[in-house]
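The values are calculated or read from the model by the stated rules, or taken from the named source; none is laboratory data. The structure presented is a predicted model; accordingly, all values stated were derived computationally and were not measured. Methodologically, a virtual Cβ is constructed for each residue, glycine included, from the backbone with ideal geometry; neighbour enumeration extends over all protein chains shown. Note: accessible area is taken over every heavy atom of the protein model, side chains too, but ligands, DNA and RNA are not part of it. Shrake-Rupley method; radii C 1.70, N 1.55, O 1.52, S 1.80 Å.
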Amino acid sequence: MALDRNIRYGMVGGGPGAFIGAVHRSAAALDGEMDLVAGAFSSSPEKSKEQGDNLNLDPERVYGSYEEMAAEEAARPDGIDAVSIVTPNFLHYDVAKTFLDEGFHVICDKPMTTTLDNAEDLCRRVEEQDVVFALTHNYSGYPLVKQARALVEQGRLGDLRKIVVEYPQGWLNRRLEEKGNKQASWRTDPDKAGAGALGDIGTHAEQLARYVTGLSLERMCADVGTVVEGRGIDDDASILARYEGGVRGLIHFSQISAGEENNLRLRVYGTEAGLDWQQEDPHRLTLLTDINGDKPQQVYSHGRASLADSVQPFIRTPQGHPEGFIEAFANIYRSAAHAIAAHEAGEEPESWAQDYPTVQDGAIGVHFIHTALDSSEKEAWVDASYSPPGI
């Protein structure tokens with residue numbers, strides 16, 4: 001990296017029993033380039049201290065609130081460079097704003113905020129403070145997703161015609177929120193989550209399609225609903241879409257699809273070929289060739305030298321040794337770490353270190369949520385085009 005030391009980071013959220021906090025910490029640690037040195041792990045000072053003890057942190061750098069953490073770390077000569085935000089959605093904006101105003105770099109879980117005004121405010125603050133803001137849309141960190149994008153950029157699919165992205169889960173097929181399940185409780189609470197399936201997995205589906213194809217939504221017709229009786233938030237949606245250039249699209253995501261685990265899948269079809277990638281088999285990507293032509297289908301697999309040059313920096317293991325969910329997260333963290341190091345050293349980051357979802361991607365995701373809800377309420381096609389501040 002551009003610095004002669006590791007990036008020092010703190011974490012807000014991710015206290016005892018939290019799922020995603022442990023994932024983020026593992027991802028940040030994987031390449032040995034980031035050190036967790038501080039945290040405000042819970043709104044309960046006692047639980048924050050407990051998690052700090054679990055992680056063997058200096059007790060003086062385990063805080064009872066994120067406001068205290070931001071102020072204290074800003075005053076330290078060895079203070080953090082960046083903060084990782086892994087709280088429930090409704091806290092993302094206030095936490096990010098607090099640390100941005102102190103000049104810290106930010107790595108934030110998605111969706112970035114619960115309102116578009118707040119998302120756009122963060123875009124402006126990032127520009128004013130001139131800092132790195134990375135959003136952890138981790139599925140774009142998979143090497144074969146990056147290969148899919150490279151194939152589109154190389155023109156291997158021809159002119160794009162159709163995008164199909166689906167993300168069915170089944171874990172909320174029953175009301176786990178009534179049975180003390182911590183993850184279900186806050187994710188199905190409108191006050192804490194903002195949106196349900198739309199925010200939790202719909203934003204992943206939208207970002208994955210946009211990342212691979214480079215195309216933004218122009219119009220949509222959405223059917224967003226609540227299937228499980230008594231639940232106060234959306235848990236299923238189907239969206240007809242039109243992308244730039246008239247490319248047709250279908251976006252489907254659901255958390256009530258019984259038996260499904262984490263079946264995120266992207267298919268893109270062009271005039272010459274198509275592609276097919278599935279998150280549950282992430283180390284393979286199929287290039288679908290015209291059935292009336294004479295070219296065989298191709299299966300790209302993880303670790304091969306034949307993958308695009310832009311993919312190579314994100315591969316850790318040789319062929320036959322598949323990487324997975326944590327490594328995809330780690331690729332986001334590694335790019336952000338190198339971008340932060342270059343920023344602190346006053347240098348330009350490597351091109352691959354600029355390959356991470358940004359604050360603008362976060363605003364696009366929030367706009368997607370609100371537009372889908374608006375379309376569903378109106379039962380009509382609506383304008384879905386959007387350019388966030390900074391683009």
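Solvent-accessible area assigned to carbon and sulfur over the chain amounts to 44 percent, based on a 1.4 Å probe. The GluC sites (Glu not before Pro) found in segment 318-355 that occupy coil by DSSP, while having at most 13 further C-beta atoms within 10 Å, are Glu347. Could you calculate the FRET efficiency of Ala74 with Glu50 from 1/(1 + (r/R0)^6), where r is the beta carbon distance between them and R0 is 30 Å, rounded to 0.05? Efficiency at R0 = 30 Å is approximately 0.75. Model label points for Lys192 and Gln319, set 7 angstrom from Cα along the Cα-to-Cβ axis, are 4.7 nm apart. Across the options Thr136, Leu116, Leu100, the greatest Cα extent toward the positive end of the charge dipole of segment 89-144 (unit charges at beta carbon of Lys, Arg, Asp, Glu) belongs to Thr136.
Label separation (Trp381 vs Ser306): 4.1 nm, computed from points 7 Å beyond Cα along the C-beta direction.
Just list whichever of Lys49/Lys192; Lys179/Lys378; Lys110/Lys295 have alpha carbons separated by over 32 Å in the model shown.
Correct reply: Lys179/Lys378; Lys110/Lys295.
Along segment 33-46 the Karplus relation, 6.51 cos²θ - 1.76 cosθ + 1.60 evaluated at θ = phi - 60°, assigns HN-Hα couplings of 10, 9, 10, 7, 10, 8, x, 10, 7, 7, 5, 8, x, 5 Hz to successive residues, with x for each Gly and Pro. For segment 158-184, the residues whose amide N sits under 20 Å from a probe point set 7 Å from the Cα of Asn263 along the beta carbon direction are 163-175. About the centre of its Cα atoms, the chain shows a dipole size close to 1160 debye [charges on the beta carbon of Lys, Arg (+1) and Asp, Glu (-1) only; nearest 20 debye].
Taking the Cα centre of segment 314-391 as reference, the dipole from Cβ charges on Lys and Arg (+1) and Asp and Glu (-1) amounts to some 160 debye.
Here each label is just a point 7 Å from Cα along the line to Cβ, and for Glu347 and Glu272 those points are 3.7 nm apart. Paramagnetic label reach from Ile20 (point 7 Å along Cα→Cβ; backbone nitrogen cut-off under 16 Å): within segment 102-130, residues 106-115, 119. On a per residue basis, the chain carries 42 Å² of accessible surface, using protein heavy atoms and a 1.4 Å probe. DSSP beta bridges confined to the chain are antiparallel in about 60 percent of cases. In this structure, Asp130 and Asp294 have a Cβ-Cβ separation that, at R0 = 45 Å, corresponds to a calculated FRET efficiency of about 0.25. Ignoring aspartates and glutamates fewer than eight residues from Lys146 along the same chain, the ones with Cα atoms less than 12 angstrom from its Cα are Asp309, Asp355.
Calculate for the chain the 222 nm mean residue ellipticity that helices alone would give, adding -39,500 (n - 2.57) per DSSP H run of length 4 or more and normalising by residue count, nearest 500 deg cm²/dmol. The helix-only estimate for the chain comes to -10000 deg cm²/dmol at 222 nm. Each part gets one Cα centre, and for segment 350-391 versus segment 128-166 those centres are 14 Å apart.
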